[in-house]
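Working notes, beginning with the structure itself.
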Amino acid sequence: MANVFIAYILWLVGGGVGLHHFYLGRDRQAFIWWATFGGCFGAGWFRDLWRIPEYIFAANKDEGYIKDFLHKRTCYKSPPFCPVRFCGELVLGWSFGILARLCVPEENAYEGIGWLICVIVPPCAVALGVHVVANVKPQKATYVWPLLGAMCGIPWIVNDTANIHYSAVLSAVFVNWQGKEWNPEVGNNRGFCRRFFSLTFCCLLYSSIWGVAIYQTASITTKEGEEIPLREAIPNFFKSPAWAEMKQSFKELYEFYQVHGFEKLWEELVEKLDPTGEANAYKVLKVTDNASEKEIKASYKKLAKQWHPDKHTDPQKKAEAQEKFMEIQQAYEILSKISHKRMRMNKKDREEEKIMIE
């Protein structure tokens, strides 16, 4: 039996990802909330504040709820039009369509097979999104009508493959016009494990498609202002010296673990991560990690003089010099603080040693 107190607790702590809906057996709605950040960026989550009692009655198959539901089915041949559900169909349908469109790189979207995919696949994705919302209880719908509506938006997509919104509107209109009917099932009769794995699979699939979309369409801007597609940047990264160094570091850590065990490995890992910034500071000042304070100071003065912004008149070079100069100053400050801290600790240890001897 679903409990109203637990439902509200789950709404409060995990409502943004639909946790309370999963608890109440409303798996489709849980997925919608997860995929749209709390039901259209929190709007649905807030609305659930006063909708949860009705969901509790449905989950518990309350006699009064069932009686009222049967009365509605008698009065209305099909579920009445609901503006909130219609907006949900638009949002999820549009987001599914945009996601499908983003999986095709921009340079391939206007010719050949890429163009054909951009014309055919997004309407199917739109229809799927509308279909998911249209099947949230107490109603259900077939996939045919939202698909027919989405396909009616193809003329606009042919003209511009980014015109997904026409398909979303028409798909939602069609499913509300002819595609919906009452769902006689009250509550959720499926087992917990089946529900959990089904929902997890859908979430992972949706996340994977977003990963493909980001990989295909995202880009990285270099300091020269050149945009490099992410799908080119990632393979290049795996060929870069940085990746080679990272692999070598992991190899060394694994070998270290085999010899010294996990405790020593953790200490080594912390040292490799350089949380204090000490290793990077040595690198910036171009000195070794066993350099004396005198050597560090001399290197700092030399580099600060070399990179002082006042030596440059060109605005771009002056900005670069300013950035480098600040980095050098920060590195010197880090090493100075670490040095003074170690000196204080050594002094304290010597004093404690002296007290113990006395």
**Report entry** Amide H contacts under 5 Å for residue 139, placed H, 5+ residues apart
**Finding:** 183
**Report entry** Derived scalar couplings ³J(HN,Hα) [region 309-317; Karplus, 6.51 cos²θ - 1.76 cosθ + 1.60; whole Hz; x for Gly, Pro]
**Finding:** x, 5, 7, 10, 9, 5, x, 5, 5
Query raised in the report: Tell me which lysines have Cα within less than 30 Å of residue 297's Cα, excluding those fewer than 8 residues away on the same chain?
Result: 272, 283, 286, 305, 311, 317, 318, 324, 337, 341, 347, 348
**Report entry** DSSP-assigned coil residues among trypsin sites (Lys or Arg not before Pro) in region 68-110, each with at most 10 further Cβ atoms within 10 Å
**Finding:** 77
Report summary line: Taking Cα pairs closer than 8 Å and at least 6 residues apart, the relative contact order of region 280-357 in percent is 33 percent
**Report entry** Stretch gain in nm, segment residue 341-residue 295, where the contour uses 0.36 nm per residue and the Cα spacing is subtracted
**Finding:** 14.7 nm
Requested in this report: Kindly express, to the nearest 10 degrees and within the range 0 to 90, the angle between helix 112-134's C-alpha long axis and the longest C-alpha principal axis of the chain.
Outcome: 70 degrees
Requested in this report: Using a cut-off of 15 Å between beta-carbons, work out the net charge of the residues near residue 172 (Lys and Arg +1, Asp and Glu -1, residue 172 not included).
Outcome: +1
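For n ≥ 4 DSSP H runs only, could you compute -39500 (n - 2.57) per run for the chain, divide by its residues and tell me the 222 nm figure to the nearest 500? Working shown, then result.
Numbers: 17 runs with 252 residues, N = 358.
One gets -23000 deg cm²/dmol as the mean residue ellipticity at 222 nm.
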Report task. Can you tell me how much longer the chain between residue 226 and residue 317 gets when fully stretched, taken as 0.36 nm per residue apart minus their C-alpha distance, in nm with one decimal? Result -> 30.9 nm
Report task. Would you compute the Debye intensity of the chain from its alpha-carbon atoms alone, equal scatterers and no solvent, and pass along log10 I(q)/I(0) at q = 0.09 Å⁻¹ to two decimals? Result -> -0.80
Query raised in the report: Once both axes come from the Cα atoms, what is the angle between helix 63-75 and the longest principal axis of the chain, in degrees from 0 to 90, rounded to 10?
Result: 60 degrees
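Name the trypsin sites (Lys or Arg not before Pro) in region 139-210 that are in a loop by DSSP and that have at most 13 other C-beta atoms within 10 Å, would you?
Listed in order of number, the matching sites are 190.
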Query raised in the report: Going by average Cβ neighbours within 10 Å, how do the peptides 158-164, 331-337 rank, with the highest at the top?
Result: 331-337, 158-164
Report summary line: For region 8-91 the chymotrypsin sites (Phe, Trp or Tyr not before Pro) that pass both the DSSP coil test and the at-most-11 other-Cβ-within-10 Å test are 76, 81
Query raised in the report: Label-point separation (nm) for residue 78 and residue 253, each offset 7 Å from Cα along Cα-to-Cβ?
Result: 5.8 nm
Report summary line: Expected vector for region 4-12, Karplus 3J(HN,Hα) from phi with 6.51, -1.76, 1.60 and θ = phi - 60°, integer Hz, x for Gly and Pro, equals 5, 5, 4, 4, 6, 4, 5, 4, 6
**Report entry** Mean shadow area of region 280-357, taken as a quarter of the surface of its Cα convex hull (nm²)
**Finding:** 5.8 nm²
Report task. Kindly express, to the nearest 10 degrees and within the range 0 to 90, the angle between helix 293-306's C-alpha long axis and the longest C-alpha principal axis of the chain. Result -> 70 degrees
Report summary line: A correct Karplus calculation of ³J(HN,Hα) over region 49-56, with 6.51 cos²θ - 1.76 cosθ + 1.60, θ = phi - 60°, whole Hz and x for Gly and Pro, returns 3, 10, 9, 4, x, 5, 5, 5
Query raised in the report: Between residue 268 and residue 233, 0.36 nm times their residue separation minus their Cα-Cα distance comes to what?
Result: 9.6 nm
Report summary line: For region 112-158, the Cα-Cα pair-distance distribution in 5 Å bins from 0, as whole percents, is 5, 23, 27, 19, 13, 8, 4, 1, 0
Report task. Let me know the Rg and Dmax you get for region 9-52 when you use only its Cα atoms, in Å. Result -> 8.6, 22
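Values in this text are rule-based calculations from the coordinates and carry no lab data. Keep in mind that what you see is a predicted model, and the values were worked out from it rather than measured. Using ideal geometry, Cβ is built from the backbone for each residue, glycine included, and neighbour counts are taken over all protein chains shown.
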